Amino acid sequence: MAAEPFECEHFGEMQMAAAQGRAALEQPVPPLVYGLKGFLAVIEDVEGLDIINQQPPTSITMQFLLATDNAPGLVALGAMFSPELATLDLQPDGKPVRFEPPQMPVGVRSAHLAMTDTALALSVGDNSETALSGLLSAASSEPPPVFSMHMDASRYYAFVGDAAMLPQDGDDEMPAEARAAARQAMLALGDLIDRVSVTVNLTPRGIEMPSVVTLTGE
């Protein structure tokens, strides 16, 4: 696209985006970014969330892990911008340390951080302290996936159905009857499907995407 730009005026924005993307790639990147290996997020439970009435959750239980070549360096960088993080004296020994950000997110009653040389983990909610040891010691699957997702389909489709009921701005707003029908369709899928697992692997044979869909049996 740089050597032979589009001549059609309708592709002008696409041509401009390509130039902007090239400029962004030429910007220097902090060395720590090259050490990032991946992340894992586990949402165990969300209580009290009412999407239709736009009520935030009353309780969230989840864990997040960031794998990197230099976790202490990443924490040191974050400590430059967060006095609360700087005072934790977090060590790469895997021991949980209670973390209290200045503005605790809605639904989060407690939070703990733990770190090793190659991973930084955050746990919030019930049993947040004990959940970190298993998270940091868990082994990756073989081969390490490019992407992997496992979800409670019935709860997921219930959330999506409730989100469909929210009013939309603009001329493309769906009529109330259509939103209600979309919600019922999502709830029906939730009644049919129990769990969904999808993994993306890069192998010598190419891209493989094993998946498992478990039905409710009802």
Note to self: Apply the a/c threshold of 1.5 to the C-alpha gyration tensor of region 145-218 and tell me whether it is rounded, prolate or oblate.
What the structure shows: oblate
Margin query: If I model a spin label at Asp152 and Leu32 as a point 7 Å from the Cα along the Cα→Cβ vector, what separation in nanometres do I get?
Written below: 3.4
Item checked: Equivalent ellipsoid dimensions for region 71-161 as semi-axes, Å, which come from the Cα gyration tensor, largest first -> 26, 20, 13
Item checked: Cα centroid separation - region 108-158 against region 37-64, whole Å -> 13
Item checked: Gained length - Phe6 relative to Val200, 0.36 nm times residue gap less alpha-carbon distance -> 66.4 nm
Check: Is the shape of region 1-54 best called rounded, prolate or oblate, per the rule: a/c under 1.5 gives rounded, else a/b larger than b/c gives prolate, else oblate, with a ≥ b ≥ c the square roots of the Cα gyration tensor eigenvalues?
Finding: oblate
Notebook entry, point to check: Just in region 148-218: which trypsin sites (Lys or Arg not before Pro) are loop by DSSP and have at most 15 other Cβ atoms within 10 Å?
Noted result: Arg205
Check: So how do Glu173, Glu13 rank on accessible area, 1.4 Å probe, biggest first, that is with the largest at the start?
Finding: Glu13, Glu173
Note to self: Quick check: residue separation of Ser140 and Met14 times 0.36 nm, minus the Cα distance between them. What number comes out in nm?
What the structure shows: 41.5 nm
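The values are calculated or read from the model by the stated rules, or taken from the named source; none is laboratory data. Small disclaimer: the values here were computed from a predicted structure and weren't measured. Quick reminder, even Gly has a Cβ in these numbers, built from the backbone with ideal geometry, and neighbours come from all protein chains shown. Please note that ligands, DNA and RNA were not included when accessible areas were found on the heavy atoms of the full protein model with its side chains. Shrake-Rupley method; radii C 1.70, N 1.55, O 1.52, S 1.80 Å.
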